[in-house]
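Following: one structure in structure tokens, then a few remarks.
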Amino acid sequence: MPALPTFPMSTISVRPWPDPVIDQVGHDPRSPYVEQFWLGILGPTATWLLRRLVSGLEESPAGYDLDLERTARELGIAGRMGPNSPFVRSISRCCRFSAAELVDDTVLQVRRKLPPLTRMQLARLPEALQLAHRQWNEQAVRPELAVDRMRNRARHLALSLLELGEDGEATERQLHRWHIHPAMAHDATAWAVTRHRAAASAAAPAAGDPPEAA
């Protein structure tokens, strides 16, 4: 097992780690695939860290400087930056599974996508997740099922946002930020607005109904 890194500075330079194959077939760290299947391999802290790193690269595609202590606090694992700290171990775990690579103590290369699980990695998951992964792959080779799944997910995300108080325009913008195709985001928002209004009308008292007794 490689030695855990030490960081001589309070910041580290995060740079993209391009891969022409994985960038095409891989999964965004913020995607349902990673949340469902990679989470048990990487662990929750490393997964959240990777999501944060990739979001930073989305805002600064050429790279950016990451404040180590601030990021650790934001992830709820603040503490000393020694080699045995939870934060440093999370970086090491990302490197162990080739989601990132330390060029040296000051530069960290990060993949924008994670590859599909290998057979050995899949074998480490509970049987229920292994079955879910097989079903995922079966749906992936049947485009109509994959589209239906994405549409349903987008619609329920939109409905959840409306129930939290967002309006239709803000809901559609948020779906775009979550990398949902604009046409699908528009359809999902329209569907959710209709459902939300219908539910609100059903819950409202009819005109002329007497108020409930105290």
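A few notes on this one:
- Residue satisfying all of: in region 156-197; acidic (Asp, Glu) and touching a residue at least 24 places away in the same chain (Cβ under 8 Å); least open to solvent (accessible area, probe 1.4 Å) among these: Asp187
- Qualifying residue in region 107-119 (condition: of a type in the set (Val, Ile, Thr) and modelled with pLDDT under 90): no
- Answer residue from region 97-119, given it is in contact (Cβ under 8 Å) with a residue 60 or more places away in the chain, closer than 16 Å to Trp17 by Cβ and of a type in the set (D, E, K, R) and is surrounded by the fewest Cβ atoms within 10 Å (Cβ to Cβ) among those: Glu101
- Leading residue by the ranking (nearest to the chain's Cα centre (by Cα)) among those in region 30-54 that are more than 20 Å from Ser92 (Cβ to Cβ) and open to solvent by 40 Å² or more (accessible area, probe 1.4 Å): Arg30
- Applying a threshold of 8 Å to beta carbon distances and a minimum spacing of six or more residues, or different chains, the list of pairs starting in region 49-64 at a residue that is at positive phi and ending at one that is open to solvent by 20 Å² or more (accessible area, probe 1.4 Å) reads Gly63/Arg15; Gly63/Pro16.
- Breaking point among (1) in contact with a Pro (Cβ under 7 Å, 6 or more places away or on another chain); (2) free of Cβ contacts under 8 Å to residues at least 40 places away in the same chain, for Ile91: (2)
- Flag for Ala78 being in a loop (DSSP other than H, G, I, E, B), open to solvent by 40 Å² or more (accessible area, probe 1.4 Å) and out of contact with any Phe, Trp or Tyr (no Cβ under 6 Å at 6 or more places or on another chain): yes
- Hits in region 19-43 - residues which are farther than 16 Å from Leu129 by Cα and part of a helix (DSSP H, G or I): Ile22, Asp23, Gln24, Val25
- Only one entry in Leu145, Leu122 is closer than 27 Å to Pro18 by Cα, modelled with pLDDT under 95 and surrounded by fewer than 17 Cβ atoms within 10 Å (Cβ to Cβ), namely Leu122.
The values are calculated or read from the model by the stated rules, or taken from the named source; none is laboratory data. A quick note: this is a predicted structure, and the numbers were derived from the prediction, not measured. Cβ atoms come from the backbone with ideal geometry, glycine included; neighbour counts cover every protein chain shown. Surface accessibility is based on the protein's heavy atoms, side chains included, excluding ligands, DNA and RNA. Shrake-Rupley method; radii C 1.70, N 1.55, O 1.52, S 1.80 Å.
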